[in-house]
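The values are calculated or read from the model by the stated rules, or taken from the named source; none is laboratory data. Predicted, not measured: the structure shown is a model, and the values here were computed from it. Note: ideal-geometry Cβ built from the backbone for every residue, glycine included; neighbour counts use all protein chains shown. The accessibility values were calculated without ligands, DNA or RNA, using every heavy atom of the protein model including side chains. Shrake-Rupley method; radii C 1.70, N 1.55, O 1.52, S 1.80 Å.
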Amino acid sequence: MDIAEVAKRSGLRASTLRYYEEKGLIQSVGQPGERRRFAPGVMDQLALIALGQSAGFSLDDIRSMFLPSGEPNIDRQLLSAKADELDTMVKRLKAMSNGLRHAAACPAKSHAQCPSFQRLLTAAATGALERQKKRAKPVTGLRRKAA
């Protein structure tokens, strides 16, 4: 299939397909300089890429899920670790949802007077601080340029 047909069938732009090829996620089968052509199996590869992205995997993680031939070679430990990460995210989102529903129906005159809402604020602030700490970790081995 040529790149236009793959783009049409997959719903992806040709530029995205070229980017995926550049990243080593898919391979064209034509000669250099010719219009890009792909084997029919590229549609399965693109489906796996889409699934991986929707689960939150990086493109580098997804690339590791393919053999050089394009066949899937998925690390089950990587899948398990991502599932654990998603489970943690679901629990956090569920707690946030419950807190927001409580705040919406809270009988207190002011949310500032509601103990449940105050716990939600504290948890949100703590989580925000933890995320800031993670982002602020120093990068080792690299020197920062002076401003």
Note to self: Given the options Gln27, Gln77, Gln31, Gln45, name the one that is closer than 16 Å to Arg9 by Cβ and more than 15 Å from the chain's Cα centre (by Cα).
What the structure shows: Gln45
Check: Before we move on, is Leu100 free of Cβ contacts under 8 Å to residues at least 12 places away in the same chain and hydrophobic (A, V, I, L, M, F, W, C)?
Finding: no
Margin query: Given the condition closer than 20 Å to Met1 by Cα and either small (Gly, Ala, Ser) or open to solvent by 60 Å² or more (accessible area, probe 1.4 Å) (or both), answer yes or no: does some residue in the range 77-95 qualify?
Written below: no
Next item on the list: Kindly provide the set of residues from the range 40-74 that are surrounded by 13 or more Cβ atoms within 10 Å (Cβ to Cβ), in a loop (DSSP other than H, G, I, E, B) and touching a strand residue (DSSP E or B) at 6+ places or on another chain (Cβ under 7 Å), ordered by number.
Entry: Met65
Next item on the list: Kindly indicate whether Ala14 is closer than 15 Å to Asp2 by Cα and either exposed (fewer than 14 other Cβ atoms within 10 Å of the Cβ) or of a type in the set (A, V, I, L, M) (or both).
Entry: yes
Check: Restricting the search to the range 30-58, which residues are touching a helix residue (DSSP H, G or I) at 6+ places or on another chain (Cβ under 8 Å) and not small (Gly, Ala, Ser)?
Finding: Arg35, Arg36, Arg37, Phe38, Val42, Met43, Leu46, Leu48, Ile49, Gln53, Phe57
Notebook entry, point to check: Regarding Ala124, is this residue farther than 30 Å from Ser10 by Cβ, of a type in the set (A, V, I, L, M, F, W, C), modelled with pLDDT under 85 and within 26 Å of the chain's Cα centre (by Cα)?
Noted result: yes
Next item on the list: Would you be able to say whether some residue in the range 107-115 is touching a residue at least 24 places away in the same chain (Cβ under 8 Å), open to solvent by 80 Å² or more (accessible area, probe 1.4 Å) and more than 24 Å from Arg18 (Cβ to Cβ)?
Entry: no
